[in-house]
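Shown next, in structure tokens, is the structure this report addresses.
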Amino acid sequence: MQARRDQDFFWEGIDRGELLVQTCDACDTIRHPPQPRCAACGSDAWRAEPLSGEGTILAFLESVHPSRRDEEPRCVCLVELPEGIRMVSSLLDPENAANGAAVRFEITEYDGQKLPLVRTAGGGQ
Amino acid sequence: MSALTKIAEGQTAITGIGQTAYTKESGRTVMSLCAEASMKAIEDAGLERGDIDGLISFTMDTNSDHDLQSAIGLPLVRWTAKAPFGGEGAYATFQLAAAAIESGQASNVLIFRAFNERSEARFGQPNFNPKAMPRDYHRSLGLVTPGQVYAMWHKPFLDARGMTSEDLGLLVVQMRAWAANNPDAWFYGRPITLEDHQRSRWIVKPVLRLYDFCQETDGGVAFVVSRLDQARAQGQNSGRPVVRVLGAQQAWPLGESMMYNYYKPNLTYAEDTEVVAKALWEQTGLSPAEIDVSTIYDNFSPSIPISYEGYGLCKRGEVRDAIRAGELGPGGSTPVNTNGGLIGEAYLHGLNNAAECVRQMRGTSANQIEDAKIALCAGRQCGMVLARE
Ligand SMILES: [Zn+2]
């Protein structure tokens with residue numbers, strides 16, 4: 001059987017509607033992006049734990065695909081999570097993009113793929 | 001952790017440089033470019049092909065050592081190595097060459113890089129369909145091109161310095177002023193104003209405009225690194241200055257990433273570069289104030305201020321002032337990328353900037369800095385200091 005890829009748990013979680021993070025069983029350090037071992041202690045034992053789904057925008061930019069210009073530009077952002085990690089996401093309400101803005105993750109289907117996107121706290125549903 | 005071993009003892013010299021024409025469509029195979037640059041470097045070094053016994057490049061280069069050996073007819077290769085990635089790490093090749101030569105594993109090492117980056121495999125025009133690929137943490141969220149990938153971590157640095165697109169424009173104007181006077185540069189004879197920069201279209205809004213990007217290029221560049229005593233003897237015969245490699249270092253602190261540099265502890269300065277710089281100053285006994293001329297890896301304009309501060313060419317937090325005062329351009333106190341850099345001359349994945357450092361030490365640059373004796377060849381994750389003898 002093919003070795004389970006290190007990041008599969010994350011996308012399987014997304015497909016179930018859960019935002020997960022790898023947590024080291026030996027020292028409880030969390031890590032993202034996923035790795036086969038804990039960089040803090042070297043252990044390969046880990047569990048997946050749910051994240052709060054909250055965050056803050058550290059930076060954002062407009063992404064236009066270079067050769068698929070018919071696609072809508074996306075507002076890609078770097079999000080700081082209160083748990084102490086960062087994730088790249090894209091903003092569902094780009095008109096509210098601002099550094100320091102509070103966001104919440106919403107697992108959303110985009111182009112046929114479920115992705116962990118974010119919406120600002122003031123962006124409504 | 002043990003103390004840093006002094007790998008390079010300053011006992012090597014760059015004896016040869018070679019480059020092809022830098023074009024947008026070479027119409028040739030990559031190996032023919034690689035072979036031309038290599039042959040020119042060997043000839044420039046005053047050596048025969050049989051003198052070359054080491055081959056070094058970096059992992060992004062696609063020219064195999066053995067294919068190059070066959071293409072130019074090297075009788076026997078005893079040492080090969082690849083530095084990680086390339087680009088910001090391109091100058092690690094000189095550290096590898098020094099390690100090989102100073103340990104007696106090789107006598108004359110050929111460093112090479114060639115590609116058809118504009119006419120064939122453009123880094124900025126990925127031909128994949130993101131939707132048809134497995135999801136991932138960056139591409140699936142909209143970071144598709146190198147410009148987007150880098151701009152996302154450039155932005156926190158720029159914000160922390162209060163730098164805007166206009167500040168990047170002031171910087172690019174200085175780079176283009178150098179390029180305008182360099183006949184090898186793509187932008188030879190074509191300086192720009194701040195207004196030109198601000199009118200160039202957004203590619204990655206609100207960080208990178210068209211003129212903040214390097215010049216995608218077809219071409220090749222190569223170097224010969226030799227033993228210092230051999231280079232000195234040769235220098236005495238030829239009367240040409242010896243270009244000594246005083247130091248070459250690389251640093252990859254945990255958490256830093258060449259491209260997806262979003263997860264390191266602090267996004268507002270380049271810790272990796274500060275580690276490289278500290279090691280270089282320890283190795284060479286020099287300080288930033290003693291650098292006469294620099295090249296800084298500039299795939300995108302924000303890479304320059306990040307490394308400029310990282311190497312201590314100004315204090316942390318003061319690079320905006322240096323740019324606004326024109327310190328990096330012609331007439332400035334810290335001339336940077338006198339060839340025009342990757343933005344103005346060509347994008348040979350960083351190694352054309354190393355060639356400019358060699359020319360500055362030889363006194364043959366198109367924008368020669370008077371009495372330049374010490375050159376810094378800087379990348380974010382590796383750097384080299386050259387001295388004219
Ligand atoms: Zn651990």
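Throughout, read-outs are computed from the coordinates displayed, never taken from laboratory work. Keep in mind that what you see is a predicted model, and the values were worked out from it rather than measured. Virtual Cβ from ideal backbone geometry, glycine too; neighbours counted across all protein chains shown.
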Taking A:E12 as the residue in question, decide whether it is of a type in the set (D, E, K, R) and either more than 9 Å from chain B (Cβ to nearest Cβ) or near the ligand (Cβ under 10 Å from one of its atoms) (or both). yes
When region A:25-34 is examined, which residues are found to be near the ligand (Cβ under 8 Å from one of its atoms) and under 18 Å from B:P265 (Cβ atoms)? A:C27, A:T29
Strands (runs of 3 or more DSSP E) wholly inside region B:187-305 that include at least 3 residues being under 14 Å from B:L376 (Cα atoms): B:243-250, B:293-296
Among strands (runs of 3 or more DSSP E) entirely inside region B:1-103, those with 1 or more residues being basic (K, R) are B:79-83
In region B:81-137, which residue that is under 22 Å from the mean Cα position of the chain (by Cα) and aromatic (F, W, Y) is surrounded by the most Cβ atoms within 10 Å (Cβ to Cβ)? B:F94
Quick check on this structure: which one of B:S140, B:S119, B:S103 is in contact with a Ser or Thr (Cβ under 7 Å, 6 or more places away or on another chain) and either of a type in the set (S, T, Y) or under 30 Å from A:F9 (Cα atoms) (or both)? B:S119
Tell me which of these B:L143 doesn't satisfy, since it passes every other one: (1) part of a loop (DSSP other than H, G, I, E, B); (2) within 14 Å of chain A (Cβ to nearest Cβ); (3) surrounded by fewer than 23 Cβ atoms within 10 Å (Cβ to Cβ); (4) hydrophobic (A, V, I, L, M, F, W, C). (3)
Only one of B:Y137, B:Y150 is at the interface with chain A (Cβ under 9 Å from one of its Cβ atoms), of a type in the set (S, T, Y) and out of contact with any Cys (no Cβ under 7 Å at 6 or more places or on another chain); which? B:Y137
Counting only residues that are within 11 Å of another protein chain (Cβ to nearest Cβ), touching a helix residue (DSSP H, G or I) at 6+ places or on another chain (Cβ under 7 Å) and assigned to a loop (DSSP other than H, G, I, E, B), how many does region A:77-109 have? 1
What are the pairs, 6+ residues apart or on separate chains, where a residue within region B:268-284 that is more than 19 Å from B:M258 (Cα to Cα) has its Cβ under 9 Å from a residue that is in a helix (DSSP H, G or I)? B:W281/B:P288; B:T284/B:E290
Which residue out of A:R47, A:R37, A:R68 is within 12 Å of chain B (Cβ to nearest Cβ) and either within 12 Å of the ligand (Cβ to nearest atom) or basic (K, R) (or both)? A:R68
